[in-house]
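Structure first, then comments.
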Amino acid sequence: ANPPPVEDYVYLAHHSFPCFQRAGHVTVPLCRSTAGAESGTEIEVELVVEECGGGAKAGTDFEAKVHRITFPAYQDAAVVHIKVVHHEDLWQNSYWFQVRLTGVVRGNGILASPEQATVLVLDDDRWPANLPESKRGGWGINLMLYFVRADRIRRGEKWRKTMIAMCWLPVHSVFVSTIVQKVMVDHVADSILGTSEREKVAWFYGELVFLVLIQLLSLGLNRWADVVQTRNRGRTGGIRQFHRSELLRKFMHLEHSERWLASDASWLYSTIYDAHVITNKAYFQVFVLAQSVVALILSIILVIGLAFWNYIKQQGSLGSGESPGNTQFTMFVAGVLIIIPTGILGVCLRRKITWIAVIARKELECAWFKSCTWIITNWRHFFGLSVKERAALEKRVLKQNGEFVPAHWDARDTMNDTAWITKWIQGVSYCAMLVFGTFALCENRRYGIGAMEVGTFYALCKIYLSVGKYVGRLSDVFVDMQQAIVSLREIAALLNQDDQKSQKREARRWASMASLDCKPELLRRDSDCQRHHISAISFGHGVCFVRPPGNKVGSTFAELRLKRCDVPLGALVHVTARNERILRTFLGLASQVLQPTSEIGDELHDDILGVNVPQGLKVLMLPTGSISLGTTAPSIIEQLESTGAPRSLCIALAECVGLDPERETGSLGTGSSQVFSIVRSLLLDPDVLCAFRPLSVVTIDIRRQISLLLRLWQGGGGLPRIAEFLGQPFPDHVQGAGTQARVYRTSVRSLIIGNPEEDLWGGFPSDVLLDLEEFLWKDDVLPAVNESQSCQPDFGCRIHPV
C-alpha cells in the first residue's frame with residue numbers, strides 16, 4: 001500500500017450516511033489519523049453541505065452550509081450535525097445530498113478518502129400524505145381524499161388559485177348571463193315597447209347598453225379566470241409525469257431482493273396506465289367536482305330568487321286583502337331541488353356494478369400488458385423459438401386479448417348506462433318545465449294570470465339546462481373517481497412497499513451512534529484500517545439467505561447457511577463452491593447486493609450479526625452484462641463518462657480492450673457486454689470488486705488484456721495505476737473554496753472472483769483460495785422444490801457444522 005505523504009490526515013467515517021427524515025438532523029462523523037491526533041497539534045478543515053442531483057433541495061429539504069471543524073490536540077474524531085427538514089404529512093421518495101471536505105484551513109495535514117459522502121434521507125411515511133393505518137381500508141374514499149390533500153400541499157398557492165378560478169367560471173355562464181338576459185327581455189325590451197316618450201326610450205336604451213357592458217365585463221373576468229386556472233392547475237402531462245417519476249424513482253432504488261415482491265411488468269403498467277388514470281380521473285376531477293357544486297348552488301339561488309321576485313311582483317299588483325299565489329314557482333324550485341339528489345342517487349345505485357366492471361377490465365388488461373411486455377423486451381431470444389412455439393405464444397396473447405375485449409365492453413356499457421340515468425332525469429324534468437312553463441306564460445300573456453314573463457321563462461329554461469349539465473358532470477366525476485381509486489390502490493401498494501431495508505437498518509445504527517458524542521473514539525475505524533483499508537469482510541456465525549415466503553425457488557440465487565467466515569481484503573481472492581448458485585449468493589452477500597435473512601426469509605433484527613463490511617469501503621459487484629444508462633441508444637463513451645472518469649482515460653481503456661467508443665451499447669453481443677461491464681467497473685474504481693465468472697464469455701483474444709487490467713487494478717493501485725499504464729493523466733485533487741486540496745487514497749484494492757472452475761488467464765494466479773465447502777452447514781443445499789410449493793426451508797436438522 002502506498003503510504004500517505006503526511007501522517008496527519010482527515011477523512012469522513014463512511015461513504016454514505018442514511019438517516020430518517022423525521023429525525024430532523026443527521027450526524028456526520030469525521031476522523032483524524034492516530035499519528036495526527038497524537039502529534040499534539042490542532043487541525044481545522046472545511047466541510048461543504050450541498051446539492052448533488054439526488055432530489056434534495058437546499059433550504060427546502062436540508063440546510064446547505066459551510067462548516068469549519070476543528071480537531072483539538074489528542075482528539076481523533078469529531079461530528080457535524082446537519083439539519084434535515086421534516087415534511088410532516090407529506091410522503092416523499094428517498095432523496096440525498098452530499099457533504100464534501102474541501103480543504104485544510106489550518107494545520108499541516110491533508111485530506112484522505114473518503115473525502116465526500118452521500119447523505120441519504122429516508123421517509124417512512126405512507127403514500128399519500130402519510131395516510132393513517134385506520135383509514136387504509138374500505139372502498140378507498142380516504143385514499144382519494146388523502147391523495148387530493150397531498151396534491152394540494154404540493155401545489156400550494158397554485159392549487160388554491162386554480163380552485164378559485166375553476167369555481168368562478170360558472171358564475172358567468174350560469175348566473176350573470178341569465179340575470180342580464182332576463183332583465184333585458186322583461187324590463188328593458190318591455191319598457192321600450194310600452195312607452196312613447198322619447199326621453200324614457202333613450203333612458204331604456206342606456207340601460208340596454210349598461211347591461212351589455214356588464215355582460216362583456218363578466219366575459220372578460222371569465223377569460224381571466226380561464227387563464228389563471230390553465231396556468232396554475234398544472235398541465236395534466238406534467239402532473240402525470242410527476243407521478244410516473246415517483247414510481248420510477250421508487251423502483252430504481254429498491255434493493256435487489258425487494259424486486260421479487262412485484263413483477264417489473266406490474267411496475268411498468270402502473271407507471272404508464274395507473275399514473276395516467278389518477279391524473280385525469282382524480283387530480284383534475286376535484287376541480288370539476290368543485291365547479292359543478294358551485295354551478296348547482298348558483299342555479300338553486302337563481303331559481304329561488306326568481307320565485308321570490310315573482311312573489312314580490314304579484315304582491316305589488318294585487319289589491320289590499322288579496323294574497324298572491326306562488327304555486328307555479330314553488331313547483332319549479334322543487335323540480336330543481338329534486339333533479340340534483342335524484343341524479344346522484346342514480347350513480348350510487350349502480351356503484352357496485354361499475355366497481356366490478358372497472359376492476360375486471362383493469363385486471364385483464366394488466367395480464368395482456370404483461371405478456372406483451374415480455375414478448376417485446378425479450379426479442380433477442382426469439383431465434384431459439386421454433387415456428388410452433390411462436391404460434392403457441394401468439395395464441396396465448398390472443399386468448400388474453402379475447403378475454404379483455406368483453407370486459408372492456410362491459411365497463412364501457414356500464415359507464416354509459418350510468419351517464420344516461422342522469423340524462424333521463426334531466427330530460428324528463430326539462431320537458432315537464434317546458435310544458436308547465438309554457439302554460440304559465442300563456443296564462444300571463446293572455447289573461448294576466450300569474451307572473452310568468454318571457455325573460456323569466458327563458459331563465460328557467462337556462463337554469464334547468466345548467467342543472468342537468470352539471471348533474472351530468474357530477475355523475476361522470478363519481479364514475480371517474482371510482483376508476484381512479486382502483487389505480488390509486490395499485491400505486492399505493494407499490495409506493496408503500498417496504499424498501500431499502502439495509503439502509504434503514506444502517507440509519508438506525510448511525511442514529512444510535514450519534515448519541516455517543518461523548519465517546520468519539522467509537523465513531524472511527526481501527527488505525528490499520530485508516531491507513532491501508534486492510535481488513536476482511538466477515539460473515540457472522542449462522543448467516544442465512546432464504547427467499548422470502550411467497551416467492552418461488554428457481555432464481556439464480558441459492559438458499560444457504562454459513563459458519564463463521566472471513567474474506568481477506570487487499571488481495572486477489574478466488575472463491576469456489578460446489579454449484580454456481582451458492583457461489584453467486586455468497587458474492588451477493590459479500591457485496592451487499594443481497595442482505596442476510598432469518599431462517600424463514602424475514603428481515604434480520606438490528607442486533608443480529610450479519611455480514612460486516614469495514615466502514616469506508618466502496619464495494620461493487622460486477623454485473624454480468626452491459627448496463628444501459630439512457631433511452632436514446634447511448635454510445636459506449638457516453639456511458640463510460642457517466643462514471644466521472646476523464647474522457648481521455650475512458651477512450652483509452654475502451655480501445656485497449658477492443659471496444660469502439662462510438663458504438664451503441666444496445667448493439668453489443670454477450671462477450672462485448674461483459675467486457676464493457678468490466679471496463680465500467682474499473683473506471684468506478686471501488687475498494688472491493690466482486691465478480692462472478694468475469695471472463696466466462698469473453699473471447700480468447702481479449703481475455704489476456706482483461707486479466708492483465710484486473711490484476712493491475714488489484715495489485716498495482718487501482719485506477720491511477722491503470723491510467724499510468726495507458727499513459728493518461730489522473731487527477732488526485734478536489735476543488736475547494738478557491739483552492740485545490742490533494743486527497744490521499746490508499747492504493748489497496750481487493751478482487752473477489754467466484755469461479756466453479758478456474759477461467760482466469762493462467763499467468764495471473766490468485767493470492768487466496770477460499771473453498772466455501774468448508775463454511776457451509778450440513779445439507780445446506782435444499783432439495784429441489786416445485787414452483788408451486790412454499791419456499792420455507794427447515795433448518796431443524798442443520799444445527800451442527802460439518
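The values are calculated or read from the model by the stated rules, or taken from the named source; none is laboratory data. Note that the structure is a prediction, hence the values are computed from the model and not measured. Cβ: placed from backbone, ideal geometry, glycine included. Neighbour counts: every protein chain shown. Only protein heavy atoms, including side chains, enter the accessible area calculation; ligands, DNA and RNA are left aside. Shrake-Rupley method; radii C 1.70, N 1.55, O 1.52, S 1.80 Å.
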Flagged pairs (Cβ under 9 angstrom, 6 or more apart or on separate chains; first in segment 237-263, within 16 Å of Arg154 (Cα to Cα); second assigned to a helix (DSSP H, G or I) and open to solvent by 60 Å² or more (accessible area, probe 1.4 Å)) are Arg240/His276; Phe242/Arg154; His243/His276; Arg244/Ile272; Arg244/His276
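Among the residues of segment 129-150, count how many are of a type outside the set (Phe, Trp, Tyr) and assigned to a loop (DSSP other than H, G, I, E, B).
8
Matching residues to (1) open to solvent by less than 40 Å² (accessible area, probe 1.4 Å); (2) touching a Cys at 6+ places or on another chain (Cβ under 6 Å); (3) at pLDDT 85 or above:
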site	(1), (2), (3)
Trp139	no, no, no
Arg160	no, no, yes
Met166	yes, no, yes
Val201	yes, no, no
Tyr205	no, no, no
Val209	no, no, no
Leu221	no, no, yes
Asn232	yes, no, no
Filtering segment 234-246 down to residues that are among the hydrophobic types (A, V, I, L, M, F, W, C) and surrounded by fewer than 17 Cβ atoms within 10 Å (Cβ to Cβ) yields Phe242
Within segment 111-128, of all residues that are open to solvent by 30 Å² or more (accessible area, probe 1.4 Å) and part of a strand (DSSP E or B), the one nearest to Glu88 (Cα to Cα) is Thr118
Listed by range, strands (runs of 3 or more DSSP E) wholly within segment 501-589 having at least 1 residues that are at pLDDT 80 or above and open to solvent by 40 Å² or more (accessible area, probe 1.4 Å) are 565-568
Q. Of the residues that make up segment 461-477, is at least one part of a helix (DSSP H, G or I), surrounded by 15 or more Cβ atoms within 10 Å (Cβ to Cβ) and at pLDDT below 75?
A. no
Pairs returned, first residue in segment 296-325 that is surrounded by fewer than 15 Cβ atoms within 10 Å (Cβ to Cβ), second residue that is acidic (Asp, Glu) and modelled with pLDDT under 50, beta-carbon separation under 9 angstrom, 6 or more apart or interchain, are Gln315/Glu322
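Do the conditions hold for Gly36, that is, is it in contact with a strand residue (DSSP E or B) (Cβ under 7 Å, 6 or more places away or on another chain), surrounded by 14 or more Cβ atoms within 10 Å (Cβ to Cβ) and in a helix (DSSP H, G or I)?
Details: in contact with a strand residue (DSSP E or B) (Cβ under 7 Å, 6 or more places away or on another chain): yes; surrounded by 14 or more Cβ atoms within 10 Å (Cβ to Cβ): yes; in a helix (DSSP H, G or I): yes.
Against the criterion (in contact with a strand residue (DSSP E or B) (Cβ under 7 Å, 6 or more places away or on another chain), surrounded by 14 or more Cβ atoms within 10 Å (Cβ to Cβ) and in a helix (DSSP H, G or I)), Gly36 qualifies.
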Residue pairs within 8 Å by beta carbon, gap of at least six or interchain, first lying in segment 498-525 and under 20 Å from Leu617 (Cβ atoms), second open to solvent by less than 30 Å² (accessible area, probe 1.4 Å) and at pLDDT below 50, listed first then second, are Met513/Leu523; Arg524/Gln530
Q | Condition check for Arg704: open to solvent by 10 Å² or more (accessible area, probe 1.4 Å) and either in contact (Cβ under 8 Å) with a residue 60 or more places away in the chain or touching a helix residue (DSSP H, G or I) at 6+ places or on another chain (Cβ under 8 Å) (or both) | A | no
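Output the residues belonging to segment 94-109 that are charged (D, E, K, R) and over 36 Å from the mean Cα position of the chain (by Cα).
If we filter segment 94-109 for residues that are charged (D, E, K, R), which is where we start, we get 100, 106.
Listed by number, the list holds a single entry, Arg106.
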